[in-house]
């Protein structure tokens, strides 16, 4: 008898329709993803390490934002995923981010992936995925002061707790805002292990428009220094200090040129 031919891998050879993905060559329907941003981990080595949930998400969203479309296309073609790919990396982030955020605001579903692994760490994803939830961070004593300064600058005036040596005999917990922790960072004990618990932005802060922020800053700049005006605006708006400070400087220059 003639030997049977060896089975071929049909996962990359079989076509799939929009909204489906392939498993062992068989198309599987993916439900339409609800609007929002999805962070999807991709295989670091073998493409077969992808999870079914990741495939379902990639096939069900409106668009996939990725570092390199050529690399991500290897994954999507392997599993017959037809979702549109768009590049989003450090070099085009300023322009691409505006487009992606606009689509999200219009009710689109967007998956964010990196070339391998989980996005947000070494790519510009952290600038796109604002987290309106409690954040828990593990940090070392040698970096705690620098971490507090960075967090205050990036996340703005959020409530926070510094937990040192949790579950141990010298356990300590201190609570205030990130801004207060950052301004008093020199007095923070650096020995031991730390857990930082950062609360979500205040609900009212998320409703402050760019125009409202400008009005707030202009009002404060009339009778306060830029530093004090920024601190007040950060506290009320919940926006990152870096963003508010840059806007305050811009407004101050415009008003000076206008002779206000």
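The values are calculated or read from the model by the stated rules, or taken from the named source; none is laboratory data. Note that this is a predicted model, so its numbers are computed, not measured. Here the Cβ positions follow ideal geometry from the backbone for every residue, glycine too, while neighbour counts run over all protein chains shown.
Scanning segment 75-110 for residues that are touching a helix residue (DSSP H, G or I) at 6+ places or on another chain (Cβ under 7 Å), under 29 Å from residue 22 (Cβ atoms) and part of a helix (DSSP H, G or I) yields 75, 76, 78, 100. Each residue in segment 15-35 was checked for being in contact with a helix residue (DSSP H, G or I) (Cβ under 7 Å, 6 or more places away or on another chain), closer than 25 Å to residue 102 by Cβ and in contact (Cβ under 8 Å) with a residue 40 or more places away in the chain, and 3 pass.
Hey, any hits in segment 61-70 for a residue that's assigned to a helix (DSSP H, G or I) and within 12 Å of residue 113 (Cα to Cα)? Yes, the conditions are met somewhere in segment 61-70.
Of the residues 102, 147, which is surrounded by 12 or more Cβ atoms within 10 Å (Cβ to Cβ) and either at pLDDT below 90 or outside the structural domain of residue 46 (by TED's automatic domain parsing) (or both)? Result: 147 is the single residue among 102, 147 that is surrounded by 12 or more Cβ atoms within 10 Å (Cβ to Cβ) and either at pLDDT below 90 or outside the structural domain of residue 46 (by TED's automatic domain parsing) (or both). Of all residues in segment 13-60, those satisfying the criterion of being crowded, with 17+ Cβ neighbours inside 10 Å, in a strand (DSSP E or B) and under 26 Å from the mean Cα position of the chain (by Cα) are 37, 38, 42.
When you scan segment 234-245, do you find a residue that is part of a loop (DSSP other than H, G, I, E, B) and either on the phi > 0 side of the Ramachandran plot or at pLDDT 85 or above (or both), even just one? Checking segment 234-245: at least one residue is part of a loop (DSSP other than H, G, I, E, B) and either on the phi > 0 side of the Ramachandran plot or at pLDDT 85 or above (or both). A search for C-beta distances below 9 Å between a residue of segment 210-233 that is touching a residue at least 40 places away in the same chain (Cβ under 8 Å) and any residue that is in a helix (DSSP H, G or I), counting only pairs 6+ apart in sequence or on different chains, returns 231/179; 231/241; 231/244. crowded, with 17+ Cβ neighbours inside 10 Å and modelled with pLDDT of 85 or more: is that true of residue 177 in this structure? Yes; evaluated as a whole, the condition is true for this residue.
Here residue 80 qualifies as touching a strand residue (DSSP E or B) at 6+ places or on another chain (Cβ under 7 Å), at positive phi, modelled with pLDDT of 90 or more and surrounded by 12 or more Cβ atoms within 10 Å (Cβ to Cβ). If the condition is being modelled with pLDDT of 75 or more and not in a helix (DSSP H, G or I), then segment 207-233 contributes 222, 223, 224, 225. Is it the case that residue 70 is free of Cβ contacts under 8 Å to residues at least 12 places away in the same chain and either closer than 25 Å to residue 103 by Cβ or in contact with a strand residue (DSSP E or B) (Cβ under 8 Å, 6 or more places away or on another chain) (or both)? Criteria met by residue 70.
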